[in-house]
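A.B. asks: Here's a structure for you.
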Amino acid sequence: MSDLVAELSAQAHALPPEERARLAEELLASLDPRDAEVEAAWDEELRRRIEEVERGSVQLILAQ
């Protein structure tokens, strides 16, 4: 491991868990670049659906 990678790793480990997770997601995404517009649209759709469930404005159906 290069000195820079070791230093960055040490700094990353000092971050709170939520920020480490966000950093990990960003790094992984950089290895498999996808259409950012499509990814953003899916992210927004997921947020919208979660909000609907949390508000109780949709009826959930159990999978069988």
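The numbers here are math on the coordinates, done by the rules we state, and not lab data. What you see is a predicted model; the values in this text were computed from it and never measured. Because the Cβ atoms are built from the backbone with ideal geometry, glycine has one as well, and the counts that use them run over all protein chains shown.
A.B. asks: Can you find, among L60, A21, A40, the residue sitting farthest towards the positive end of the charge dipole of the chain, where Lys and Arg contribute +1 and Asp and Glu -1 at Cβ?
C.D. replies: So the residue furthest toward the plus end is L60.
A.B. asks: Is the range 1-56 best put as rounded, prolate or oblate by its Cα gyration tensor, with a ≥ b ≥ c the root eigenvalues, rounded for a/c under 1.5, and otherwise prolate when a/b is larger than b/c, oblate when not?
C.D. replies: Oblate, because a/c is 1.5 or more while a/b does not exceed b/c.
A.B. asks: Continuing with the same structure: How far is helix 36-55 tilted, in degrees, relative to the longest principal axis of the Cα atoms in the chain, given as a value from 0 to 90 rounded to the nearest 10?
C.D. replies: Helix 36-55 sits roughly 50 degrees off the main axis of the chain.
A.B. asks: What dipole magnitude, in Debye to the nearest 20, does the chain give about its Cα centre under +1 on Lys/Arg Cβ and -1 on Asp/Glu Cβ?
C.D. replies: In debye, rounded to 20, the chain gives about 280.
A.B. asks: List the trypsin sites (Lys or Arg not before Pro) in the chain that DSSP assigns to loop (not H, G, I, E or B) and whose Cβ has at most 16 other Cβ atoms within 10 Å. Which are they?
C.D. replies: Passing both the DSSP loop test and the Cβ count: R34.
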